[in-house]
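A.B. asks: Attaching a single structure in structure tokens format; questions to follow.
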Amino acid sequence: MDQRRRKRRRRRPQSRRRRKRNLMLKIIFFIILVVGTVAGLFLWKRYGPTKEKADLDKYYGIQNENQLAVIINNGVLEPKGMISEGKAYIEYGTVRDYINERFYWDPNENIMLYTLPGDVITVGVGSKDYTVSKEKNSEDYVILKTEGNTAYIALEFVQKYTDMEYEVFDDPSRVMIVTETGETQVAQARKDTQVRYQGGVKSPILTEISKKDEVTVIESEGDWEKVRTKDGFIGYVKKSALKKAETRVISRNFDAPQYTGITRDYTINMAWHNVTNAEANSSVLEMIARSKGLTTISPTWFHVQDISGNMDSIASADYVNYAHQSNIEVWAAIRDFDGGINSAEESYAMLSKTSNRENLTNQLIAAALQLGIDGINVDFEKISAECGEHYIQFIRELSVKCHQNGLVLSVDNYVPQEYNRQYHRKEQGVFADYVVIMGYDEHYGGSPVAGSVSSYNFVRSGIENTLKEVPASKVISALPFFTRVWKETPKTAEELSAQAGTEAAEYPDNVESTAYSMAEAAAVVAQAGATANWDEETKQNFATWEAEGSTFKVWLEDVSSLEPKLQLMKDYGLAGTAAWRLGQEEPEVWELILKYVN
């Protein structure tokens with residue numbers, strides 16, 4: 001008994017130590033638990049997915065309740081739309097730039113136009129009616145509305161003439177428009193998930209999608225897919241939340257209008273005849289006699305007289321008869337320079353009003369029918385960037401009138417460059433019968449440096465870039481029957497000092513040039529006692545000489561330079577060639593052209 005008591009007395013200190021140790025372990029465990037919890041919360045806050053919702057008004061750019069957000073294909077645009085009387089309307093500029101460029105709005109005369117293959121649709125502001133071929137048609141909604149200077153077109157009307165689909169959604173008010181066709185990538189959601197503003201779990205949520213919902217896959221970015229939902233959200237979904245993307249072909253039952261024109265079943269061999277006055281028409285027989293194989297002649301008869309669209313003419317019915325007797329068609333040229341108007345500002349003022357364009361078009365058609373000519377050649381060279389949409393509308397309207405009257409429409413263009421995109425070559429390729437590329441003025445009168453007027457690579461790039469927008473069967477490659485003799489004179493110290501800090505100071509020489517026909521340029525070289533040698537880079541004969549403290553240079557146009565350019569016409573299967581301009585060409589030049597157009 002006493003022994004058991006002694007044992008219990010010995011165990012008491014051990015029990016206390018054990019309890020103390022257990023307490024310490026519990027405290028340590030609790031501290032670890034607290035630290036772990038805090039760390040977990042910190043890590044979750046830092047790396048876990050946020051439930052923050054994106055500000056959708058800010059996402060769509062909506063600033064007031066009357067705005068309609070606009071999503072077109074894979075882009076969220078400025079909210080330039082509105083809902084009125086239950087119909088969706090889109091601002092004209094958005095329709096033109098993103099949906100269908102063929103809609104045209106004239107704010108001067110408050111009418112909207114749309115050009116069909118054989119007619120022009122006209123709609124007035126606030127009207128449910130529209131006219132086609134002077135026949136009135138009606139819709140059960142207002143087609144065109146304005147707010148201030150801004151025009152809005154009913155999407156339902158746009159859809160009548162556009163291969164597109166659209167749907168309107170609420171909260172916020174938005175319209176999802178799809179115009180794309182062909183193959184696209186789509187994927188189904190594996191589970192309920194979120195579409196986030198950017199790729200990352202900390203990015204705000206735009207919307208939720210449910211399991212089996214389908215999204216359009218725009219592109220992959222690491223572990224995320226950029227997608228478009230059917231209700232107009234463009235954001236990011238984790239790849240793991242989507243099934244494998246598959247290819248889907250988008251097509252709609254849209255009966256697209258067929259824009260057909262007038263074509264010739266032979267290779268066009270055209271030349272411009274620079275007719276400067278009525279008396280000069282009498283030289284047509286001489287010009288025709290000197291040429292060989294001409295199919296088409298384009299006399300420079302018509303000039304835009306004023307900004308109201310009136311026209312000056314030095315045309316001759318006898319000229320037309322002489323040409324026709326030689327089996328040569330006459331495509332009379334109309335110009336916005338060298339007579340009457342002669343500036344970009346005047347061309348804009350004339351073309352930007354529908355009544356002006358109509359006036360000019362009617363005069364052209366009347367003159368063509370009266371003279372019995374075969375076509376119109378448009379040579380407008382004063383078109384500014386802001387005038388582009390008005391210019392191409394003029395081409396559309398003129399095309400309709402020409403085709404109604406059996407007239408060929410050809411349109412002259414610069415070699416494609418970024419700064420002349422406003423000429424809308426692709427749309428020309430739809431409405432014009434022939435698109436002419438003027439493969440010259442690579443170095444022009446007034447150029448600060450001397451150079452070729454029409455090097456081989458300049459002509460080739462002009463053809464290649466045009467063919468990206470226009471079918472080869474409509475393209476005519478125009479070549480120069482002229483060149484320039486350049487005179488370079490070193491600037492004096494005083495001139496350089498006066499030009500310091502200006503663009504002119506970048507050029508050490510004063511440069512002048514004079515245009516000569518092919519024969520005249522060859523005579524200038526001979527008179528100078530210079531020798532022309534072949535330059536492989538430009539594929540032209542080049543001559544240079546010194547005289548009176550200046551350097552003279554010329555890149556000659558002749559049979560040797562024209563042949564590789566004519567070969568390009570053959571290689572690319574173009575509709576033909578043209579020459580600026582008829583003059584005193586040697587017979588071998590026409591023999592060469594005949595070889596390539598037959």
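The values are calculated or read from the model by the stated rules, or taken from the named source; none is laboratory data. What you see is a predicted model, and the numbers here were worked out from it, not measured in a lab. For neighbour counting, all protein chains shown are included, and Cβ atoms are generated from backbone atoms with ideal geometry for every residue, glycine included. All accessible areas refer to the heavy atoms of the entire protein, side chains included, with ligands and DNA or RNA removed. Shrake-Rupley method; radii C 1.70, N 1.55, O 1.52, S 1.80 Å.
A.B. asks: Go through segment 522-530 residue by residue and turn each phi into a ³J(HN,Hα) via Karplus (6.51, -1.76, 1.60, θ = phi - 60°); whole Hz please, and just put x for glycine and proline.
C.D. replies: These are the phi-based 3J(HN,Hα) values: 4, 5, 4, 4, 5, 5, 6, x, 8 Hz.
A.B. asks: Something else: Find the relative contact order for segment 542-598 and round it to a whole percent, using C-alpha pairs within less than 8 Å whose residues are 6+ positions apart.
C.D. replies: Relative contact order comes out at 28 percent.
A.B. asks: Under the 0.36 nm per residue contour assumption, what length would be gained going from the current alpha-carbon distance of residue 570 and residue 326 to full extension? Don't skip to the end; give the middle numbers.
C.D. replies: Numbers: separation 244, 0.36 × 244 = 87.84 nm, distance 2.53 nm.
In short, 85.3 nm is gained.
A.B. asks: Further question: Can you compute the modelled spin-label distance between residue 183 and residue 84, with each label point 7 Å from Cα toward Cβ, in nm?
C.D. replies: So the label points at residue 183 and residue 84 sit 4.3 nm apart.
A.B. asks: Semi-axes of the equivalent ellipsoid of segment 412-501: what are they in whole Å, largest first, if each equals the square root of 5 times a C-alpha gyration tensor eigenvalue? Please report the intermediate quantities before stating the final value.
C.D. replies: Details: eigenvalues 234, 45, 17 Å².
They are 34, 15, 9 Å, listed from largest to smallest.
A.B. asks: What is the diffusion coefficient of the chain in µm²/s, taking the Kirkwood radius over Cα pairs and the Stokes-Einstein relation at 4 °C with a viscosity of 1.567 mPa s? Kindly include the intermediate steps, with their values, before the conclusion.
C.D. replies: Numbers: Rh = 29.7 Å.
Roughly 44 µm²/s, to the nearest whole number.
A.B. asks: Which whole-number percent gives the relative contact order of segment 278-422, counting Cα pairs below 8 Å spaced six or more residues apart? Spell out each step's value before the answer.
C.D. replies: Details: 239 pairs, mean separation 34.2, N = 145.
RCO, segment 278-422: 24 percent.
A.B. asks: Is segment 450-539 best put as rounded, prolate or oblate by its Cα gyration tensor, with a ≥ b ≥ c the root eigenvalues, rounded for a/c under 1.5, and otherwise prolate when a/b is larger than b/c, oblate when not? Each step should come with its number before you reach the end.
C.D. replies: Working: a/c = 2.96, a/b = 1.45, b/c = 2.04.
Oblate shape, in that a/c is at least 1.5 and b/c is the bigger or equal ratio.
A.B. asks: Kirkwood hydrodynamic radius (Cα pairs, Å) of segment 126-262?
C.D. replies: Details: mean 1/r = 0.0558 Å⁻¹.
Taking the inverse mean of 1/r over all distinct Cα pairs, segment 126-262 comes out at 17.9 Å.
A.B. asks: If I model a spin label as a point 7 Å beyond the Cα along the Cα-Cβ vector, how far apart are those points for residue 201 and residue 18 in nm?
C.D. replies: Output for this residue pair reads 4.5 nm.
A.B. asks: Residue 66 label point, 7 Å along Cα→Cβ, cut-off 13 Å on backbone N: hits in segment 115-158?
C.D. replies: Label zone hits: 146-152.
A.B. asks: I would also like to ask the following. Ignoring solvent entirely, what values of log10 I(q)/I(0) come out of the Debye formula for segment 495-565 at 0.11, 0.15, 0.21 Å⁻¹ when each Cα is a single scatterer?
C.D. replies: These q points yield log10 I(q)/I(0) values of -0.38, -0.63, -0.92.
A.B. asks: What share of Cα pairs, in percent, lie more than 27 angstrom apart in segment 252-411? Working shown, then result.
C.D. replies: Numbers: 3299 of 12720 pairs.
In whole percent, the long-distance tail amounts to 26.
A.B. asks: Let me ask you something else. Using the Kirkwood radius built from alpha carbon pairs, what does the Stokes-Einstein equation give as D for segment 51-130 at 20 °C and 1.002 mPa s, in µm² per second? Could you put the intermediate results ahead of the total?
C.D. replies: Values: Rh = 14.7 Å.
Value of D from the Cα-based Kirkwood radius: 146 µm²/s.
A.B. asks: Can you give me the Cα centroid spacing of segment 343-413 and segment 210-286 in angstrom?
C.D. replies: Result: 26 Å between the Cα centres.
A.B. asks: To the nearest 10 square angstrom, how much accessible area does residue 382 have with a 1.4 angstrom probe?
C.D. replies: 70 Å²
A.B. asks: Suppose a student asked you for the relative contact order of the chain, using Cα pairs under 8 Å spaced at least 6 residues apart; what percent would you report? Intermediate values should be presented prior to the final figure.
C.D. replies: Details: 1159 pairs, mean separation 55.7, N = 598.
With pairs under 8 Å counted, the relative contact order is 9 percent.
A.B. asks: Moving on. May I have the extent of the alpha carbons of segment 64-192 along their three principal axes, as whole Å values ordered from largest to smallest?
C.D. replies: Cα spread of segment 64-192 along its principal axes, largest to smallest: 57, 36, 24 Å.
A.B. asks: Here is a follow-up. Taking every alpha carbon pair in segment 140-214, what does the distance histogram look like in 5 angstrom bins from 0, in percent?
C.D. replies: Distribution as computed: 3, 10, 12, 18, 19, 12, 10, 10, 5, 1 percent.
A.B. asks: Roughly speaking, what % of Cα-Cα pairs in segment 98-156 are separated by over 16 Å, rounded to a whole number? Mind showing how you got there, number by number?
C.D. replies: Values: 707 of 1711 pairs.
Here the long-distance tail beyond 16 Å is 41 percent of all Cα pairs in segment 98-156.
A.B. asks: Could I ask something else about it? Can you give the calculated 222 nm mean residue ellipticity of the chain, where each DSSP H run of n ≥ 4 adds -39,500 (n - 2.57) and the sum is split over every residue, rounded to the nearest 500 deg cm²/dmol?
C.D. replies: Working: 14 runs with 176 residues, N = 598.
It comes out at -9000 deg cm²/dmol, rounded to the nearest 500.
A.B. asks: Of the peptides 452-459, 520-527, how do they stack up when ordered by the mean number of other Cβ atoms within 10 Å, highest first?
C.D. replies: Details: 452-459: 22.2, 520-527: 16.4.
Packing proxy ranking, top to bottom: 452-459, 520-527.
A.B. asks: Describe numerically, in nm with one decimal, the distance between label points set 7 Å from Cα along Cα→Cβ at residue 586 and at residue 493.
C.D. replies: Placing both labels 7 Å beyond Cα along the Cβ direction yields 4.7 nm.
A.B. asks: Mind listing which GluC sites (Glu not before Pro) in segment 524-598 are in a DSSP loop and have 16 or fewer other Cβ atoms within 10 Å?
C.D. replies: Details: sites: 536, 537, 546, 548, 557, 585, 588, 591; in loops: 536, 537, 548, 557, 585.
Counting only loop positions with at most 16 other Cβ atoms within 10 Å, the GluC sites (Glu not before Pro) in segment 524-598 are 536, 537, 548.
A.B. asks: OK, next. Note the full-extension length gain between residue 171 and residue 260 as 0.36 nm times their separation in residues minus their Cα-Cα distance, in nm to one decimal.
C.D. replies: Length gained, residue 171 through residue 260: 27.5 nm.
A.B. asks: Then there is this: Enter the accessible area of residue 216 (Å², nearest 10), with the probe set to 1.4 Å and all protein chains included.
C.D. replies: My reading of the accessible area for residue 216 is about 20 Å².
A.B. asks: So what is the diffusion coefficient of segment 336-439 in µm² per second by Stokes-Einstein at 37 °C and 0.692 mPa s, using a Kirkwood Rh over Cα pairs?
C.D. replies: Details: Rh = 13.9 Å.
Estimated diffusion coefficient is 236 µm²/s.
A.B. asks: Give me the tail of P(r) for segment 402-552 as a percent: Cα-Cα pairs with distance above 23 Å.
C.D. replies: Working: 5810 of 11325 pairs.
Value for segment 402-552 (Cα pairs over 23 Å): 51 percent.
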